[in-house]
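Peer 1: The structure that follows is given in the form of structure tokens.
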Amino acid sequence: MKHELNAQPACFKETWPKQLKIFSWIDYVTAIPQAMSVITTWKEGQIPNACLQAWTTYIGDAGGYYVILSILNDNHTYKNILRANDFVVNFPEIDVFPKCYKTIENNSDGTDEITSVGLTIESSKVADAPRIKECFLNLECRLGWHRPLHDDSIWHIFAGEVVHVAIESNHAQSGTYRRYGSNGFIYNIPPSKDIGTGKQDNGMIGRIEPVQKI
Ligand SMILES: Cc1cc2nc3c(=O)[nH]c(=O)nc-3n(C[C@H](O)[C@H](O)[C@H](O)COP(=O)(O)O)c2cc1C
């Protein structure tokens, strides 16, 4: 049996203030996973900034490969990209994730959000933004276009063209699906709500297990 939904279930309640303003109720019904990354930029005065990031997509053709970020319009990253145009998308393995998560707590204007959590800054080759050395893949990006998700949205969409790629050699070889499993991309499994009761399950971190050739 399928449930057919076109409005927020009445049993959905907020578990923190503005939860269902910042996120759509549909997020809690669908709980679609996304590859987890950290967006790095410069705050004013060349202070390193980090933003744990889930709501992102990746698409390209011969004319350019783009990262499409959804960014909350009250955070540092929003201001930094509008000011400087450049950013880096850094992909952590699961071992590096706890330090990446800590960047959310170390978020004041004057804080170097990379080294203050025990991560290391690596210079970018092309983009004017810092990279995270411990991440196995870094996509250096330059802003192509941007717009709010819709009129009055708190979400802002940035499309950045990838101008340089850095990838650890052990992830760039064929043969054993090295980009996945325990040493590869990690996924944000968003919290979900039971559509009958509204009970919320915690969000989780997940990884990809390749199961079938196509
Ligand atoms: C699992 C998870 C995923 C997140 N994904 C995003 C995201 O896609 N976009 C965003 O703007 N904030 C996202 N955030 C919130 C930011 O990481 C957080 O607000 C961060 O402190 C912003 O940093 P900044 O102010 O230095 O830019 C996420 C947080 C968590 C815990």
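The values are calculated or read from the model by the stated rules, or taken from the named source; none is laboratory data. Just so it is clear, the structure is predicted and the values come from calculations on it, not from any experiment. Here the Cβ positions follow ideal geometry from the backbone for every residue, glycine too, while neighbour counts run over all protein chains shown.
Peer 1: Give the residues of the range 99-122 that are more than 10 Å from the ligand (Cβ to nearest atom) and of a type in the set (Val, Ile, Thr), sorted by residue number.
Peer 2: Ile114, Thr115, Val117, Thr120, Ile121
Peer 1: Kindly indicate which of Ser153, Ser70 is over 13 Å from the mean Cα position of the chain (by Cα) and hydroxyl-bearing (Ser, Thr, Tyr).
Peer 2: Ser153
Peer 1: Specify which of the listed residues (Val163, Val96) is within 16 Å of the ligand (Cβ to nearest atom) and modelled with pLDDT of 95 or more.
Peer 2: Val96
Peer 1: Going by what's in this entry, would Ile81 be described as hydrophobic (A, V, I, L, M, F, W, C), more than 18 Å from Leu139 (Cβ to Cβ) and in contact with a strand residue (DSSP E or B) (Cβ under 8 Å, 6 or more places away or on another chain)?
Peer 2: Taking the combined requirement at face value, the residue does not satisfy it.
Peer 1: Scanning the range 1-18 for residues that are of a type in the set (A, V, I, L, M, F, W, C) and surrounded by 11 or more Cβ atoms within 10 Å (Cβ to Cβ), which turns out farthest from Thr30 (Cα to Cα)?
Peer 2: The residue in question is Cys11.
Peer 1: Output the residues belonging to the range 64-88 that are within 12 Å of the ligand (Cβ to nearest atom), touching an Asp or Glu at 6+ places or on another chain (Cβ under 9 Å) and of a type in the set (Phe, Trp, Tyr).
Peer 2: Residue satisfying the conditions is Phe87 alone.
Peer 1: For Leu69, state whether it is in contact (Cβ under 8 Å) with a residue 24 or more places away in the chain and touching a helix residue (DSSP H, G or I) at 6+ places or on another chain (Cβ under 7 Å).
Peer 2: So Leu69 fails the test.
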